[in-house]
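Student: Below: one structure in C-alpha cells.
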Amino acid sequence: MFTLGDIKLNTPVISPPLAGISSHPFRALNRKFGCEFSFLEMINCRSLVYSSNKTGEMMRFTEEELPLGIQLLVENEGLLLKVLEKIHDLPFSIVDLNAACPQKKVTSRGEGAHLLKTPKKLERLLKLMVKNCVVPVSLKMRLGWSDDSRACDIALSGQDAGIKAIFIHGRTKAQGYSGEVCYKAIARIKKKLKVPVIASGDILSAGLAKKMFDETGCDAVTVARGALGNPWIFREIKEYLEKGKILERPCVEDIIKTMRSHLKLSCDFYGPKRGLSHFKKFFIWYTRSFKGVRLLRGEITKLNTVEGAIDMMSKFKKIGLRDQETLTASKQNLPQT
Ligand SMILES: Cc1cc2nc3c(=O)[nH]c(=O)nc-3n(C[C@H](O)[C@H](O)[C@H](O)COP(=O)(O)O)c2cc1C
C-alpha cells in the first residue's frame, strides 16, 4: 500500500502528467486496466490565468477519475499564487511543480528543468505552494541540468520547503529522453530523504518496474512511454509485483477492442474531427507490434474519417502480431524528445 495524503494505492504505480497525452481518454483507459492514480496534462500557469480554451479543456475530468493530481508549469510567484487560488476548491489530491521539462521553449522562460539551475527560486515556489495548498505538494525533478551533482541538495531543499513527495526522472535535462537511467543517483536521493520518492525512467515492462524498485528502493513509480498504446502495462506490473506472475501479452482481438474504445473516448471528448486526429498517434503506438506496420503507417496518418480508422483496424486484425514481439520490449516509435 502506498499512501500520500488522501491517496491510498494498492499498487504503487502512477500515471504521470504527459503533455499532449494524458487527457481524459488516456486516463480513463489506464484506470480500466488498473492504474489507480493519474495526473492531468501539465498545466501552464500563464495559459490558465489568461484563460486559454485549450487549458480549460485540459482541466476537464469526471468524478469517476478521482483521485487525480495536477502539475503546474511556472516560474513566476505572482502567477503561481493566482493559479493556486483558481484551483483551490478543485478536488485534486496532489499539486506538483514541474522542474523537469527539458523543452527549449519551456526552459528559455526559466520554467521546467531550468528551475534546477535556480534552486533558490525553486525553493521559494515550493514554499509558496505548501503555504497555499490544502493538499500535499510534490516536486517533479530530473537528476540535474547536465550532471547529477546537485540532485540530493535540490531534493532535500524541497523536503525542507514542506513538500510531501518527490517525483524523479532518472536522467539529466541534457539527456532528454534517451541515454541510461541512473538508478544509483535515484537510490542516493532515496536514502537521504524522509518523504516518498516516486521514480521514473524506461519503465517499459513489469520487469523494468521491479528493477526500478529493487535498484533504487523507491516508494512508487510512474509509467510514461511504457503506457503509450499499452494500457495493459498497469495490470501487468500489478500482477508481477504482487504475485511474481508474468501475464500474457494481449491478443490481436484485445488490442483492436481497446483501440476502438480509445477512439470512441477520444471522439466523445474532443468531437469526431479532433478526436480522430488526437487518436492517430495512439493508433501508431497500439500497432507497433503488428506485421508490416511500417508500410501502413503512412495510411494511418492520412486517415480522415472515424469509419476509415475502424476499417483500418480491421486490416490490422487480419495482419496479426509479429512473432516473438512484445509491445513493451521495444522502444520503437516512442517519443524520444
Ligand atoms: C510525450 C511525453 C510527455 C511528457 N510530459 C510530461 C509532463 O507534462 N510533465 C512531467 O513531469 N513529465 C512529462 N514527461 C516525462 C515523464 O513523466 C517521465 O518522467 C519520462 O518520460 C521518463 O519516463 P519513461 O522513460 O517511462 O517515459 C513526458 C514524457 C513524454 C514521453
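Every read-out reported here was derived from the displayed coordinates using simple, explicitly stated rules and does not represent laboratory data. In this text, all values refer to a predicted model and were calculated from it rather than measured experimentally. Positions of Cβ are backbone-derived with ideal geometry, glycine not excepted, and every protein chain shown enters the neighbour counts.
Student: Tell me the label-point distance for the pair Ser146, Glu65, using the 7 Å Cα-to-Cβ offset, in nm and rounded to one decimal.
Tutor: 3.9 nm
Student: Quick one: what are the phi-derived ³J(HN,Hα) couplings along region 95-101, Karplus 6.51/-1.76/1.60 with θ = phi - 60°, whole Hz, x for glycine and proline?
Tutor: Coupling constants for region 95-101: 10, 10, 10, 7, 10, 9, 5 Hz.
Student: Quick one: what do you get for region 46-188 if you divide its Cα Rg by 2.2 N^0.38 Å? Walk me through the numbers on the way to the answer.
Tutor: Numbers: Rg = 15.0 Å, N = 143, 2.2 N^0.38 = 14.5 Å.
In units of the globular-protein estimate, region 46-188 measures up at 1.04.
Student: Once you list every other residue whose beta carbon is under 15 Å from the beta carbon of Cys152, what net charge do they have if Lys and Arg are +1 and Asp and Glu are -1?
Tutor: +3
Student: Still on this model: Work out how much length Lys117 to Asn304 would gain on full extension: take 0.36 nm times their residue separation and subtract the Cα-Cα distance, in nm to one decimal.
Tutor: Working: separation 187, 0.36 × 187 = 67.32 nm, distance 4.43 nm.
Full extension of this stretch gives 62.9 nm more.
Student: Say R0 is 22 Å: what FRET efficiency, to the nearest 0.05, do His88 and Lys194 get from their beta-carbon distance?
Tutor: Here the calculated transfer efficiency is 0.20.
Student: At 7 Å along Cα-to-Cβ for each site, give me the label-to-label distance between Glu215 and Arg260 in nm.
Tutor: For the pair Glu215/Arg260, the computed spacing is 4.0 nm.
Student: State, as an integer percentage, the relative contact order of region 252-319 based on alpha-carbon contacts under 8 Å between residues 6 or more apart. Can you show the working numbers first?
Tutor: Working: 42 pairs, mean separation 22.5, N = 68.
So the answer I get is 33 percent.
Student: So, one more: Within region 2-243, what percent of beta bridges assigned by DSSP are antiparallel, to the nearest 5? Walk me through the numbers on the way to the answer.
Tutor: On the way: 3 of 31 bridges.
In region 2-243, DSSP labels about 10 percent of beta bridges as antiparallel.
Student: For Phe167, enumerate residues with amide H under 5 Å from its amide H, sequence gap 5+ or separate chain, H modeled in the peptide plane.
Tutor: Answer set, sorted by chain and number: Leu139, Lys140, Met141, Ile198.
Student: Let me ask another. Using R₀ = 30 Å, calculate the FRET efficiency as 1/(1 + (r/R₀)^6) where r is the Cβ-Cβ separation of Ser178 and Leu247; round to 0.05. Each step should come with its number before you reach the end.
Tutor: Numbers: r = 28 Å, r/R0 = 0.93.
Efficiency computed from Cβ-Cβ geometry: 0.60.
Student: Could you work out how much longer the chain between Lys273 and Asp311 gets when fully extended? Use 0.36 nm per residue separation minus the Cα distance between them, nm to one decimal.
Tutor: Separation in residues times 0.36 nm, less the Cα-Cα distance, equals 12.0 nm.
Student: Which whole-Hz ³J(HN,Hα) couplings does region 153-170 yield from phi under the Karplus relation 6.51 cos²θ - 1.76 cosθ + 1.60, θ = phi - 60°, glycine and proline marked x?
Tutor: Along region 153-170, the couplings run 4, 5, 4, 5, 5, x, 4, 5, 6, x, 5, 10, 6, 10, 9, 10, 8, x Hz.
Student: May I ask for the distance between the Cα centers of region 70-94 and region 267-323, given as a whole number of Å?
Tutor: 36 Å
Student: What 222 nm value per residue comes from the helices of the chain, counting each DSSP H run with n ≥ 4 as -39,500 (n - 2.57) and dividing by all residues, nearest 500 deg cm²/dmol?
Tutor: About -13500 deg cm²/dmol.
Student: A further question on this structure: Taking only C-alpha pairs under 8 Å that are 6+ residues apart, what is the relative contact order of the chain in percent?
Tutor: Numbers: 599 pairs, mean separation 45.2, N = 337.
That works out to 13 percent.
Student: What translational diffusion coefficient, in µm²/s and rounded to a whole number, does the Stokes-Einstein relation yield for the chain at 20 °C and a viscosity of 1.002 mPa s, taking the hydrodynamic radius as the Kirkwood radius over Cα pairs?
Tutor: 105 µm²/s
Student: P(r) tail for region 127-175, what percent of Cα pairs lie past 13 Å?
Tutor: Result: 55 percent of Cα pairs exceed 13 Å.
Student: Show the residues, 5+ positions off or on another chain, whose built amide H is closer than 5 Å to the amide H of Gln71.
Tutor: Leu40, Ile43, Asp96
Student: Using θ = phi - 60° and the Karplus relation 6.51 cos²θ - 1.76 cosθ + 1.60, list the HN-Hα couplings for region 60-70 in order, rounded to whole Hz, with x at every Gly or Pro.
Tutor: Karplus-based 3J(HN,Hα) across region 60-70 equals 7, 8, 10, 4, 5, 7, 5, x, 9, x, 10 Hz.
Student: Could you give the Stokes-Einstein D for region 252-319 in µm² per second, using the C-alpha Kirkwood radius, 4 °C, 1.567 mPa s? Please list the in-between numbers first.
Tutor: Values: Rh = 11.7 Å.
In µm²/s, the coefficient rounds to 110.
Student: Could you work out the equivalent-ellipsoid semi-axes for region 185-337, taking the square root of 5 times each eigenvalue of the Cα gyration tensor, largest first, in whole Å? Display every interim value, and only then the final one.
Tutor: Numbers: eigenvalues 214, 60, 36 Å².
Sorted largest first and rounded, they come to 33, 17, 13 Å.
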